Amino acid sequence: MEPYDAMPPAVRAAWRRSMSRGRSAMSRRALLRTGGLAAGGAALAACGIPPAASTGDEGGSHRSKDHSAKERELTFSNWPLYVDVADDDEDDRPSLRAFERDSGVKVKYIEDVNDNNEFYSKIKPQLAAGQDTGRDLVCLTDWMAGRLIRHGWAQRLDPAHMPHAVTNLEDRFRTAAHDPGRQFSYPWAGTAAVIAYNRKATGGKEVTSVTQLLEDPALKGRVSLLTEMHDTMGLTLLDSGADSASFTDDDYDKAVSRIQKAVDRNQIRSFTGNDYVDGLSKGDIAACMAWAGDIVQLSIDDPDVEYVLPDSGYLFGTDDLLVPARARHRANAEALIDHYYQPRTAAELAAWVNYICPVTGAKAEMERIDKDVAANPLIFPDAEMIAKGHPFRQLTEREEERYEGRFADLIGA
């Protein structure tokens, strides 16, 4: 990434928002390479949460004794910059402050989920040993949330404690392969991996498919793909005619081969986290796989940047809230989940993070806050966008190891 002062005005504006708005502010893998892991450890130490050190067999309990009635507190681990912040005070999180005021529950908010796998390795020893992780609520991407649920390391949620969540969860989020019936998790936000391109850099030509990204000679050396396996491989599987929700080993291998051929031809400039925004705006990257939250931010100030929902479909997922096994304050955590399923609160959060909102009624509230945001299908999807969204299927542990290994070899990680 070039120095901030040398960035084009549109990129500076988007980068300022990206660095202070939403989960898209930090590339998960890039953050680890630049010290995010150390920063996460420092945050844990400052908050008095011990590092995971124990080992044990996988297992756990869905429920443990709840101390919420006597201990009016909870600890919430989330991605960096994935909650609303006051314009004049980065330490002031209005929606969390409102929850504390209304509920009497004090929230210890920690931004230490920098990468799904890294965070999992941090808490796995404690969970496997049947110990409290020190966290009452965590936000993890759906496939990782599913792993905790599968091992019995998430507590079953009590619908009686979450009337707004039960009522206002949008219908299409009510069923999930990793958590049928939403017994253990509720979405914090929806995510979408799409195609984006710079119309000036492509000479006005639209880029509408992964096939173009991988094969169009006019784009050679000016294409970037994502470092997230589920997103890059999911989009490629869909473009290859496979279903990202039910693909086979053979389907996956063929998709890897397609990308490898593009790498070998120097079609691909780079595999990136969200730092593609700079190159995309400048035109060094003509077209790429992108996260919708980034494109919402960038396109505000750069009209040349556009997104496309491929005819084959885009990768849809969720970042989910769940209560780890042995957490002390499940009812307090359930109350916080319920707080964010009030339409007004959900709209305030969505206006800031710019990811897909899973709450029925939030769009109507958003129209009172920002009509442009309310009309943006990347935040409040229309029927066309909903129809084109596809999940990435749940993987077994063997599949996770195999697929992540092949992808790491592919991108040189």
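The values are calculated or read from the model by the stated rules, or taken from the named source; none is laboratory data. Bear in mind the structure is a predicted one, so any value in this text is a computation, not a measurement. So basically every Cβ, Gly included, is an ideal-geometry build from the backbone, and we count neighbours across all protein chains shown. Remember, those area values only see protein heavy atoms, side chains included, never the ligands or the DNA or RNA. Shrake-Rupley method; radii C 1.70, N 1.55, O 1.52, S 1.80 Å.
For a quick check: with amide H placed at 1.01 Å from N, whose amide H comes under 5 Å from Gln267's, ignoring anything fewer than 5 positions away on the same chain?
Here Gly221 satisfy the definition.
Starting at the first residue of the stretch 210-216, write each ³J(HN,Hα) from the Karplus equation 6.51 cos²θ - 1.76 cosθ + 1.60 with θ = phi - 60°, in whole Hz, x for Gly and Pro.
5, 4, 4, 4, 8, 10, 5
Between rounded, prolate and oblate, where does the stretch 236-320 land on the alpha carbon gyration tensor, with a ≥ b ≥ c its root eigenvalues, rounded for a/c under 1.5, else prolate if a/b exceeds b/c?
Note, shape of the stretch 236-320 comes out oblate.
Assuming a ≥ b ≥ c are the square roots of the Cα gyration tensor eigenvalues, decide whether the stretch 151-242 counts as rounded (a/c under 1.5), prolate (otherwise, with a/b larger than b/c) or oblate.
The shape class here is prolate.
Once you order the gyration tensor axes a ≥ b ≥ c over the Cα atoms, which shape class does the stretch 75-134 get: rounded for a/c under 1.5, otherwise prolate or oblate by comparing a/b with b/c? Mind dumping the intermediate values first?
Working: a/c = 4.31, a/b = 1.70, b/c = 2.53.
Here the stretch 75-134 falls in the oblate category.
Could you calculate the contour length gain from Asp372 to Val166, that is, 0.36 nm times the residue separation minus the distance between their Cα atoms, to one decimal place in nm?
That works out to 71.4 nm of additional length.
Quick one: which residues, 5+ away or cross-chain, put their amide H under 5 Å from the amide H of Thr75? H built at 1.01 Å from N.
When sequence neighbours closer than 5 places are left aside, the close amide H contacts are Lys108, Asp136, Leu137.
Tally up the carbon and sulfur contribution to the accessible surface of the stretch 289-413 as a whole percent, 1.4 Å probe, everything protein left in place.
Summing carbon and sulfur atoms, their accessible area is 49 percent of the total for the stretch 289-413.
Give the cross-link partners of Lys371 among the lysines, using a straight C-alpha distance below 16 Å as the criterion and excluding same-chain residues fewer than 8 apart.
Filter leaves Lys363.
Under 19 Å between alpha carbons, and skipping anything fewer than 8 positions from Lys122 in its own chain: which lysines qualify?
Those lysines meeting the cut-off are Lys108.
Using r as the Cβ-Cβ distance of Asp409 and Ile386, and R0 as 35 Å, what FRET efficiency do you calculate, to the nearest 0.05?
Once the sixth-power term is evaluated, E becomes 0.50.
Got a number for carbon plus sulfur as a percent of the stretch 113-192's accessible area, 1.4 Å probe?
The C+S portion of the solvent-accessible surface of the stretch 113-192 is 53 percent.
Can you work out the Karplus-derived ³J(HN,Hα) for every residue in the stretch 155-161? Use 6.51 cos²θ - 1.76 cosθ + 1.60 with θ = phi - 60°, whole Hz, and x for glycine or proline.
Once θ is set to phi - 60°, the couplings for the stretch 155-161 become 8, 5, 7, 9, x, 5, 8 Hz.
If I stretch the segment between Asp132 and Glu399 completely, what's the gain in nm (0.36 nm per residue apart, minus their alpha carbon distance), one decimal?
Going from the current span to full extension adds 93.3 nm.
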